[in-house]
Number of protein chains: 2
Amino acid sequence: MSVTAAQGFTASGIAAGIKENGNPDLALVVNNGPRRAAAGVFTSNRVKAAPVLWSEQVLKGGELTAVVLNSGGANACTGPKGFQDTHATAEKVAESLNTAGHDETGGHAPGMVAVCSTGLIGVLLPMDKLLPGVDKAVAQLSTHGGEKAAIAIKTTDTLHKTSVVTKDGWTVGGMAKGAGMLAPGLATMLVVLTTDADLDSDALDKALRAATRTTFDRVDSDGCMSTNDTVLLLASGASEVTPDHAEFAEAVRAVCDDLGQQLIRDAEGASKDIKVEVINAATEDDAVEVGRSIARNNLLKCAIHGEDPNWGRVLSAIGTTSAAFEPDWLNVAINGVWVCKNGGVGEDRDKVDMRYREVHIVADLAAGSETATIWTNDLTADYVHENSAYSS
Amino acid sequence: MSVTAAQGFTASGIAAGIKENGNPDLALVVNNGPRRAAAGVFTSNRVKAAPVLWSEQVLKGGELTAVVLNSGGANACTGPKGFQDTHATAEKVAESLNTAGHDETGGHAPGMVAVCSTGLIGVLLPMDKLLPGVDKAVAQLSTHGGEKAAIAIKTTDTLHKTSVVTKDGWTVGGMAKGAGMLAPGLATMLVVLTTDADLDSDALDKALRAATRTTFDRVDSDGCMSTNDTVLLLASGASEVTPDHAEFAEAVRAVCDDLGQQLIRDAEGASKDIKVEVINAATEDDAVEVGRSIARNNLLKCAIHGEDPNWGRVLSAIGTTSAAFEPDWLNVAINGVWVCKNGGVGEDRDKVDMRYREVHIVADLAAGSETATIWTNDLTADYVHENSAYSS
């Protein structure tokens, strides 16, 4: 059900011909109101793609009537022409929606259309294919179009990702592609969330930032940050219910968490999903820093791939951080076995069962009471293969 | 010639049985004077192996008569017993050298013996094999023993690494194993440099820190920092020549640079040696930060492996740093072709010839006049294989 699970939204996903293989590559999500409240979170990469620069500006008004998303090209590092192309895409979406009579008030304007792109960096989009595709996408808009939209934004994703939480009279739903936020896997993470809750953009922004901070921001597939990452949340108000803030925030968090887990499970070449849980840290920031350092350690990621509970590599990763800890007080468990105690050899490493896809690493800093969990995956020959052949 | 190229040094390398496959695993380097000046640089990892903790203390006196090095075990994360083992090793070396009459003054003391270890973390060394091995190593000390010492410290190295620079009446020579310093490849970088120049420990320390800062510290094979990295410089004064500081510093830098290049060329699984040159940075720190970020980008390292001049991944890596730059002013050349100009598409990427092992990336920040070069290698399926099977 994806982005059309909530009332007030239509969506579509079509093949515009941006991808040479003819797969779906253009998605459209339209908020039919009555509200058009919206919030967004973007990549913290300083090299931002044209659609990110555009959508950041558009969102300053706190309202969106539509989001258009394309796979098959990131439109990043494409200079002034790339930005013009993003602008032209938003204009085309507004014009096509107004022509099709999708808003009785004729109220679609380019300044209320967010644009998201994903694919290879440094290549201009084929606008001769993309712009006609917009008309086709508008023509196919449907309250059942959420799945097709989710399929059209895939790049190297093997599965499309959707999630829905329904509460008392209102719903939060969404779709995602890619793997990661601060540090996505290959190419970009794009997420569009919709809700029919009756909330303004400030309320959406607060809930979205809180949710991404502990979900997408803690998914770290390969430590590489994209130029295009975008997470949008749109509210139609169609349910006429204004939920309690905490309850709404939890629903958004739950959808983000579910989508984040789906991203990790579908990360490129991964054979293991690794949960890195840092406990007893002095601060949450310390816990996140240590978790990320462990999650990014190539040597450890290779060891996990080889089903080797190599806790020494966990300790060397912890040792590179500025977190508060004493080396002699560190403890590490892998799949429930405390293989490192007090900075040295703990329980027998042969007790660690690593046959399954899920791997759980606990790093006990013995320095406080804060905790954080980072999700990552192993490093495999398939990852190397997929990423050495991506643009060729 | 390695560590015995300079006058005043003897060395040996033997198989003590630490490695189960019977390969050489114990090296000894002895400074026969008349001077015993020494300096050292160690890992900045906060989780330090027992031999690092020991050698740091020993070096505070500014003198070393001997260095004992073992492969086959890192003696890291081994607790109080690990430290006792390091201490016992130094005691055994001093005792064995005195018994053998290697110093007419009987002056070998454990507090002047540095210890280096490399291999798997979290495993105690087999002292029943190591200690008898010390006697054997002492018995085989020779002014021609430098090569054998270099061979005995190998772990996954396919080649042993040595380098020598001879100037007017004095020499700097050395040996190395591993790949990296601040961010070594698998396991540890160990380096022992010797000189017969007549210099005190302060002069050695100054030259060594200056040299490592721009050589080993800028070799970044896989971004993973070891618990055991050690670079030692010993001076015998046997040439009776006190060189000019600048000339001596340059000789030390040249030997470090040569050994650093050898480390990168022999990095695990590498098929490409990548020189990342950052130019026109506002500060040298900016240049190093950007160079390291590019060198650590797994996506780029995979692309280079696939001979794909994927400059978009260079830009996304630059974008994650705090260096001064404007995205629209960035330029990137790969093997001499400016594939990215002003943050966008530059020359035709098909012009980039990537058939050869050497790959040269230039990132122009257009923000100043400082520069730095980081050396790294590509990410390959062989790296994954080697590191997923290392401890099993």
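Convex hull volume of the C-alpha atoms in chain B, normalised per residue: 127 Å³. Taking Lys and Arg as +1 and Asp and Glu as -1, the other residues whose beta-carbon sits under 11 Å from that of B:ASP220 total +2.
For the stretch A:273-388, the relative contact order comes to 44 percent (Cα pairs under 8 Å, sequence separation of at least 6).
Near B:SER221, the amide H atoms lying under 5 Å from its own belong to B:GLY185; only residues 5 or more places off or on other chains count, and H is placed 1.01 Å from N.
A Förster radius of 60 Å, combined with the Cβ-Cβ distance separating B:LYS351 from B:GLU56, puts the computed FRET efficiency at roughly 0.75.
Each principal axis of the stretch A:232-333 carries a Cα extent, and these read 56, 34, 20 Å when sorted largest first.
Distance between Cα centroids, the stretch B:243-273 to the stretch A:229-269: provide it in whole Å. First find each Cα centre; the distance between them is then 51 Å.
Placing pseudo-labels 7 Å out from each Cα toward the beta carbon at B:ASP128 and A:THR99 gives an inter-label distance of 8.6 nm. Look at where the Cα atoms of the stretch B:100-175 and of the stretch B:32-83 average out, and the two centres are 12 Å apart.
For the chain pair A and B, buried accessible area totals roughly 3800 Å², probe 1.4 Å, rounded to the nearest 100.
Put simply, the protein assembly as shown fits an ellipsoid with semi-axes of 56, 28, 19 Å; these come from the alpha carbon gyration tensor as the roots of five times its eigenvalues, largest first. Relative to the other identical copies, A:PRO132 shows label-point distances of 8.3 nm, where the label point lies 7 Å from Cα along the Cβ direction and values run shortest first. Of the cross-linked pairs A:LYS341/B:LYS48; B:LYS60/B:LYS206; B:LYS161/B:LYS206; B:LYS19/B:LYS177, those separated by over 18 Å at the C-alpha level are B:LYS161/B:LYS206. Chain B residue nearest the rotation axis toward A, with distance: B:ALA381, 2 (Cβ to axis, whole Å). Set the bar at 25 Å for Cα to Cα. Now go through A:LYS167/A:LYS275; A:LYS275/B:LYS154; A:LYS92/A:LYS148 and name every pair that lies beyond it. Where the Cα-Cα span goes over 25 Å, the pairs concerned are A:LYS167/A:LYS275; A:LYS275/B:LYS154.
Excluding ligands, DNA and RNA, the accessible surface per residue across the protein assembly as shown is 34 Å² with a 1.4 Å probe. Across the stretch A:149-165, computed HN-Hα scalar couplings (Karplus, 6.51 cos²θ - 1.76 cosθ + 1.60, θ = phi - 60°) run 4, 4, 6, 6, 9, 5, 10, 8, 4, 8, 10, 7, 10, 9, 7, 9, 10 Hz from first to last residue, x flagging Gly and Pro. Per the Kirkwood formula applied to alpha carbons, the stretch B:154-293 shows a radius of gyration over Rh ratio, Rg over Rh, of 0.99. Backbone geometry of the stretch B:347-353 corresponds, through the Karplus equation with coefficients 6.51, -1.76 and 1.60 at θ = phi - 60°, to 3J(HN,Hα) couplings of 5, 4, 5, 5, 6, 6, 8 Hz, x marking Gly and Pro. Computed over the alpha-carbon atoms, the stretch A:273-388 gives an Rg to Rh ratio of 0.97, Rh here being the Kirkwood radius from the mean inverse distance. Accessible area per residue was computed with a 1.4 Å probe on protein heavy atoms; B:ILE121 scores about 30 Å². Relative contact order of chain B: 18 percent, from C-alpha pairs under 8 Å at least 6 residues apart in sequence.
The values are calculated or read from the model by the stated rules, or taken from the named source; none is laboratory data. Keep in mind the model is a prediction, meaning the values are calculated, not measured. FYI the Cβ positions are ideal-geometry reconstructions off the backbone, even for glycines, and counts take in every protein chain you see. Protein only, heavy atoms only, side chains kept; ligands, DNA and RNA dropped before computing areas. Shrake-Rupley method; radii C 1.70, N 1.55, O 1.52, S 1.80 Å.
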